[in-house]
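Here is the structure we will look at.
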Amino acid sequence: MRLVSVDEAGISNKAQEPVLVVAAVIVDADKQFVALERQIDNIVARHIPQEHQAGFVFHASQLFNGGGKIFTRDNAAWPLEKRLAIADELAAIPARFHLPLTMTFVPRAEFPSRRNIERSTRMLKRRWLLTLLHLSPVQFRWNNG
């Protein structure tokens, strides 16, 4: 069984985010899920205070910009360098587990309103998942050189 996680970025401030991006990671649940979950749990255990670990989910926006319960803005305990080190650990996971990644992007200028962006993002995700489901098994190699 394959698990596909799809997310979007670029739907808030049009001036700061001129491109809408939709990306996905594909996990072979039968072969990779337990080890992948263990890896993420280890990152949580190393970095997140124990009282916040249960059910914790990393959000890139909180790591990069500060925010949320853990990475509060202007908190000396969570300087940008420390948060970016966590982001680096998370970003290394797809290569470590040889997870296929895929993405697409569209200029925001093509969407005149936020409502159109939200509708189009849902449509892009659906169309993209349907395309992924009809593909033959993905052949993907990481270039570790």
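Couplings 3J(HN,Hα) of the range 72-82, computed from phi: 4, 4, 6, 8, 4, 6, 10, x, 3, 4, 5 Hz, in residue order, whole Hz [Karplus 6.51 cos²θ - 1.76 cosθ + 1.60, θ = phi - 60°; x for Gly and Pro]. Taking other Cβ atoms within 10 Å as a rough exposure proxy, MET1, MET103 sort from fewest to most as MET1, MET103.
Evaluating 6.51 cos²θ - 1.76 cosθ + 1.60 at θ = phi - 60° for every residue in the range 41-51, the Karplus couplings come out as 4, 5, 5, 4, 4, 6, 10, 9, x, 3, 5 Hz, glycine and proline recorded as x.
Read-outs: derived from the displayed coordinates by stated rules, not from any lab. Remember, predicted model here, so these are calculated numbers, not experimental data. Note that each Cβ is placed from the backbone with ideal geometry, even for glycine, and that neighbours are counted across all protein chains shown.
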